[in-house]
Amino acid sequence: DFYGHDIATAQVPNWQCSDTCFGHDGCTNFAWNAYNGGTCYMKSGYLTSSDAESSSDPSQLCGIMTYDGSWKQGSHSTYAYGCDFIEHDIANVQVPQSECEGRCAQASGCTNYEWNWYNGGTCWMKGGAMPQSQAIQVADQSSVCGVMD
């Protein structure tokens, strides 16, 4: 289990918990147990396997919504579609997706970015040098995340 960080629950079989998390905005991790016939706990925040708590219940499970898509080389970054870097926002600006990478390159301290359709199109500039392995998968395939070179 990943204790705390709950943003929602759903009564689903254990094999549907990861898909349920994938379909819920902001879900980065999940945990399932047999409570109430089977409950999926959707979690938010950057949690790693070292944050997981073990259990003696063999039916209980938990997971991380890691991004496993393909990365492309941009002008200033390596980027991918359908992913996000959670937290570490230092600034945001409403721009078309095509301008997000360049805005991050110009912003002091911007190491990563994510663009999504929030407010008509928002570029979220992030600090903290997160590697590709910290990207999470999101349902919105038009969302873009990048790691600055």
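The values are calculated or read from the model by the stated rules, or taken from the named source; none is laboratory data. Worth saying up front: this structure is predicted, and the values here are computed from it rather than measured. Cβ coordinates were reconstructed from backbone atoms using ideal geometry, including for glycine residues, and neighbour counts include every protein chain displayed. Note: areas computed on protein heavy atoms with side chains; ligands, DNA, RNA excluded. Shrake-Rupley method; radii C 1.70, N 1.55, O 1.52, S 1.80 Å.
Of all the criteria given as (1) part of a loop (DSSP other than H, G, I, E, B); (2) aliphatic (A, V, I, L, M); (3) in contact with an Asp or Glu (Cβ under 8 Å, 6 or more places away or on another chain), the one not satisfied by Leu47 is (3). Glu53 passes every criterion in (1) in contact (Cβ under 8 Å) with a residue 40 or more places away in the chain; (2) not small (Gly, Ala, Ser); (3) not in a loop (DSSP other than H, G, I, E, B) apart from (3).
Of the numbered criteria (1) open to solvent by less than 40 Å² (accessible area, probe 1.4 Å); (2) out of contact with any Ser or Thr (no Cβ under 9 Å at 6 or more places or on another chain); (3) outside any loop (DSSP other than H, G, I, E, B), the one Cys40 fails is (2). Ser75 meets the conditions (1) modelled with pLDDT under 95; (2) touching a Lys or Arg at 6+ places or on another chain (Cβ under 9 Å) in every case but one. The failed one is (2). Among residues of region 14-37 being among the hydrophobic types (A, V, I, L, M, F, W, C) and part of a helix (DSSP H, G or I), the one that is modelled with the highest pLDDT is Cys17.
Every residue, every condition in (1) charged (D, E, K, R); (2) at pLDDT below 85; (3) within 23 Å of Phe2 (Cβ to Cβ), yes or no:
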| residue | (1), (2), (3) |
| --- | --- |
| Ser44 | no, no, yes |
| Asp89 | yes, no, yes |
| Glu99 | yes, no, no |
| Cys104 | no, no, no |
| Cys110 | no, no, no |
| Gly120 | no, no, no |
| Lys126 | yes, no, yes |
| Ala139 | no, yes, yes |
| Val144 | no, no, no |
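Step by step: first the residues of region 132-149, then only those that are over 13 Å from the mean Cα position of the chain (by Cα) and part of a loop (DSSP other than H, G, I, E, B), then the one that is farthest from Ser44 (Cα to Cα). Which residue is that? My answer is Asp149. Does Asn29 fit the bill of being open to solvent by less than 50 Å² (accessible area, probe 1.4 Å) and touching a Leu at 6+ places or on another chain (Cβ under 8 Å)? Yes; evaluated as a whole, the condition is true for this residue.
The set of residues in region 61-118 that are surrounded by 17 or more Cβ atoms within 10 Å (Cβ to Cβ), part of a loop (DSSP other than H, G, I, E, B) and among the β-branched types (Val, Ile, Thr) comprises Ile86, Thr111. Which pairs turn up if I take residues in region 1-14 that are farther than 21 Å from Ser56 by Cβ and look for partners that are in a strand (DSSP E or B) and charged (D, E, K, R) with beta carbon separation below 8 Å, at least 6 apart in sequence or on another chain? Sorted first by the residue in region 1-14, then by its partner, the pairs are His5/Lys43; Asp6/Lys43; Ile7/Lys43.
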